[in-house]
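Peer 1: Once you've had a glance at the structure underneath, I'll fire off some questions.
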Amino acid sequence: MPDRSRQTHGETRPATETHPTPALVMNRRLIRDKYREFRSQFPEATIYYALKANPHPGIVRLLQELDCHFEISSLGELELLSEMGVRSRRIISGNPVKERAFVERAHASGIDLFAFDSYPEIDKLEECAPGSRVTVRLAVPNDGSEWPLSKKFGVEPREAADLLLRAGERGLKPVGVTFHVGSQCTRPATWAVAIEKSKLVWRMAAERGLSLSLLNVGGGFPIEYLRPVPSTAEIAAVVRRSVAEAFPEGVELAIAPGRALVGEAGVLAATVIARAERDSRPWFYLDVGVFNGLMESVGGIRYRMLTDRGGPAVRCVLAGPSCDSFDVIAMEAELPDLQVGDGVRIMSAGAYTTAYASQFDGFQIPAVHYTE
Ligand SMILES: Cc1ncc(COP(=O)(O)O)c(C=O)c1O
């Protein structure tokens, strides 16, 4: 059952009242609570925050204070964490494809765990990060995920075992398996399927004399946009049960949540800057759109929107401010009959919003603010 006790912010005091829009207002307490929820539901796991979800320094600082580890992909992310004093032994790279310069710098700074899923990447790691520990990215079903990631990465168990053995021959330390069930995954059983599949890699590697120890079950933990989602506790129960069944001898467990740690803590404050009637339907234009914060709406993520304007909901189109017709947040929305100047609070917007945003067409990336 969904956890109804979860709280959001921005419902009583509009963030638009205190900050010029567009602005992303992050609630520190909700991030802290979410981290503690993960900590208590996965007591034995190392928690790596997937920095890509929202790399704002205030979030890094907060998670650092909570003793969280970090998962990164790029030089830019590495530089950010280094500048903020995050120690390299708290950082891993989960990106199966990496730039050479990134691998060199990551290795030089002391990061020693990298994901990979191809032979050329072994060559790169051997040259740029000799002796590092490596996990192979396994292809797993993304059933129930609203933002699937399965097409781009991952190999089947036989090839995964082959790759790990080859990495070992090249002086790397093959330690285990990593997977991702797809972002915003609302089907806990998908983790169970992926864990069973990981066990096959363990078995195949063991048959060839390679003993593995680390299982990274990735991110994918969902947040509440419009509909209730399974709680962290429900997913953790499935993961723990599946791990106990598949790995009775024990395994070192890692998780890498991004969206779930910060998503519900963010409210994106926007303002209606224009309205028009087109094909007998109102179009409301906000000062935030697909390019400067709501990129995921293109992939189907639908946000809950709150406004102080009363009255019945009308069928409308919601669009961003830029002069590009791709900049449509929702072709089918239902909102009160908004007027120019009205504030709109876009809920659960703390992840993959400002992180994706560009200044396309000269529109501002929302400033990030914090509340306690
Ligand atoms: C390697 C890796 N780990 C973790 C994550 C975080 O996923 P999520 O935000 O769905 O928790 C991602 C997201 O793309 C990823 O690529």
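The values are calculated or read from the model by the stated rules, or taken from the named source; none is laboratory data. Since the model is a prediction, treat every value here as computed from it, not as a measurement. Note that we place each Cβ from the backbone using ideal geometry, even for glycine, and neighbour counts take in every protein chain shown. Surface accessibility is based on the protein's heavy atoms, side chains included, excluding ligands, DNA and RNA. Shrake-Rupley method; radii C 1.70, N 1.55, O 1.52, S 1.80 Å.
Peer 1: Expressed as a whole number of Å, what is the distance separating the alpha-carbon centroids of the range 122-140 and the range 223-253?
Peer 2: 26
Peer 1: For the range 55-257, what is the accessible area per residue in Å² when the probe is 1.4 Å? Display every interim value, and only then the final one.
Peer 2: Numbers: 8200 Å² over 203 residues.
Value returned for the range 55-257: 40 Å² of accessible area per residue.
Peer 1: Could you work out the relative contact order of the range 75-228? I mean the mean sequence separation of Cα pairs under 8 Å and 6+ apart, divided by the number of residues, in percent.
Peer 2: Values: 281 pairs, mean separation 31.3, N = 154.
For the range 75-228, the relative contact order is 20 percent.
Peer 1: In Å², and per residue, what accessible area does the range 264-371 have when probed at 1.4 Å with the other protein chains present?
Peer 2: About 42 Å² of surface per residue is accessible.
Peer 1: I've got another one for you. Taking the square root of 5 times each eigenvalue of the Cα gyration tensor, what semi-axes in Å does the equivalent ellipsoid of the range 6-162 have, largest first?
Peer 2: Values for the range 6-162, descending: 32, 20, 15 Å.
Peer 1: Another question, then. Charges only on Cβ, +1 for Lys and Arg, -1 for Asp and Glu: so what's the dipole of the range 55-257 about the Cα centre, in debye to the nearest 20?
Peer 2: On the way: 24 positive and 27 negative charges, 38 e Å.
Computed charge dipole of the range 55-257: roughly 180 debye.
Peer 1: Can you tell me the order of 210-220, 243-253, 141-151 when each peptide is scored by its average per-residue count of other Cβ atoms within 10 angstrom, highest first?
Peer 2: Per-residue mean Cβ counts within 10 Å order the peptides as 210-220, 141-151, 243-253.
Peer 1: Going toward the positive end of the dipole of the chain, with +1 on Lys and Arg Cβ and -1 on Asp and Glu Cβ, which of 50, 164, 253 do you reach last?
Peer 2: Towards the positive end, the residue furthest out is 253.
Peer 1: Using +1 on the beta carbon of Lys and Arg, -1 on that of Asp and Glu, and nothing else charged, what's the dipole of the chain about the Cα centre, debye to 20?
Peer 2: Here the size comes out at about 620 debye.
Peer 1: Would you kindly state how much longer the chain becomes between residue 323 and residue 152 on full extension, computed as 0.36 nm times their sequence separation minus their alpha carbon distance, in nm to one decimal? Before the final figure, lay out each step's value.
Peer 2: Values: separation 171, 0.36 × 171 = 61.56 nm, distance 3.12 nm.
Net length gain for the segment: 58.4 nm.
Peer 1: How big is the Cα convex hull of the range 76-201 in projection, averaged over all directions, in nm²? Walk me through the numbers before you get to the answer.
Peer 2: Values: hull surface 31.0 nm².
So the Cα hull casts an average projection of 7.8 nm².
Peer 1: Counting only protein heavy atoms, what percent of the accessible surface of the range 264-371 is carbon or sulfur at a 1.4 Å probe?
Peer 2: In the range 264-371, the share of accessible area belonging to carbon and sulfur is 52 percent.
Peer 1: Moving on to the next point. Ordering 296, 372 by accessible area with a probe of 1.4 Å, largest first, what comes out?
Peer 2: The ranking, largest first, comes out as 372, 296.
Peer 1: In whole Hz, what ³J(HN,Hα) sequence does the range 324-330 give by Karplus (6.51, -1.76, 1.60; θ = phi - 60°), x for Gly and Pro?
Peer 2: Here the 3J(HN,Hα) series is 9, 6, 6, 7, 10, 6, 7 Hz.
Peer 1: Additional query: Please compute P(r) over all alpha-carbon pairs of the range 264-371, binned at 5 Å starting from zero, and give each bin as a whole-number percent.
Peer 2: Whole-percent P(r) values from 0 Å outward: 2, 13, 25, 28, 20, 10, 3, 0, 0.
Peer 1: To the nearest 10 square angstrom, how much accessible area does residue 128 have with a 1.4 angstrom probe?
Peer 2: Estimated to the nearest 10 Å², residue 128 gives 10 Å².
Peer 1: Summing -39500 (n - 2.57) over the DSSP H runs of n ≥ 4 in the chain and dividing by its residue number, what mean residue ellipticity at 222 nm do you reach, to the nearest 500 deg cm²/dmol? Please report the intermediate quantities before stating the final value.
Peer 2: Values: 9 runs with 103 residues, N = 372.
Computed mean residue ellipticity for the chain: -8500 deg cm²/dmol.
Peer 1: At q = 0.16 Å⁻¹, work out log10 I(q)/I(0) for the range 210-304 with the Debye formula, treating every Cα as an identical point scatterer and leaving solvent out; two decimals please.
Peer 2: The Debye formula, applied to the Cα set alone, gives -0.84.
Peer 1: Positive end of the dipole of the chain, charges at C-beta (+1 Lys, Arg; -1 Asp, Glu), about the Cα centre: which of 351, 294, 322 has its Cα farthest in that direction?
Peer 2: Value computed over the given set: 351.
Peer 1: Relative to the Cα centre, what is the charge dipole magnitude of the range 264-371, using +1 at the beta carbon of each Lys and Arg, -1 at the beta carbon of each Asp and Glu, and rounding to the nearest 20 debye?
Peer 2: Dipole size: approximately 160 debye.
Peer 1: Here is a further query. Taking the Cα atoms of the range 188-254, report the difference between the largest and smallest coordinate on each principal axis, in whole Å and largest first.
Peer 2: Answer, in whole Å and largest first: 49, 17, 16 Å.
Peer 1: May I pose another question? Report the relative contact order of the chain, percent, no decimals, based on alpha-carbon pairs under 8 angstrom and at least 6 residues apart.
Peer 2: 21
Peer 1: Just for the range 55-257, what percent of DSSP beta bridges are antiparallel, to the closest 5?
Peer 2: Here the share of antiparallel DSSP bridges comes out near 10 percent.
Peer 1: In vacuo Debye scattering of the chain, one point per C-alpha: log10 I(q)/I(0) at q = 0.07, 0.08, 0.10, 0.14 Å⁻¹?
Peer 2: -0.33, -0.43, -0.65, -1.15
Peer 1: So, one more: Under a crude label model (7 Å from the Cα following the beta-carbon direction), how far is residue 302 from residue 252 in nanometres?
Peer 2: In this crude spin-label approximation the distance works out to 4.4 nm.
Peer 1: Another question about this same structure. Hey, any idea what % of the range 55-257's accessible area is carbon plus sulfur with a 1.4 Å probe?
Peer 2: Using a 1.4 Å probe with all protein chains present, the range 55-257 comes out at 50 percent carbon and sulfur.
Peer 1: A follow-up question, please. I need the phi-derived Karplus couplings for the range 217-225: 6.51 cos²θ - 1.76 cosθ + 1.60, θ = phi - 60°, integer Hz, Gly and Pro marked x.
Peer 2: Using θ = phi - 60°, the values come out as 8, x, x, x, 4, x, 10, 8, 9 Hz.
Peer 1: Give me the extension gain from residue 372 to residue 206: residue separation times 0.36 nm, minus the current Cα-Cα distance, reported in nm with one decimal.
Peer 2: Details: separation 166, 0.36 × 166 = 59.76 nm, distance 4.94 nm.
54.8 nm is the gain from fully extending residue 372 to residue 206.
Peer 1: I need the trypsin sites (Lys or Arg not before Pro) found in the range 186-216, filtered to DSSP loop residues with at most 16 other beta carbons within 10 Å of theirs.
Peer 2: Filter output for the range 186-216: 208.
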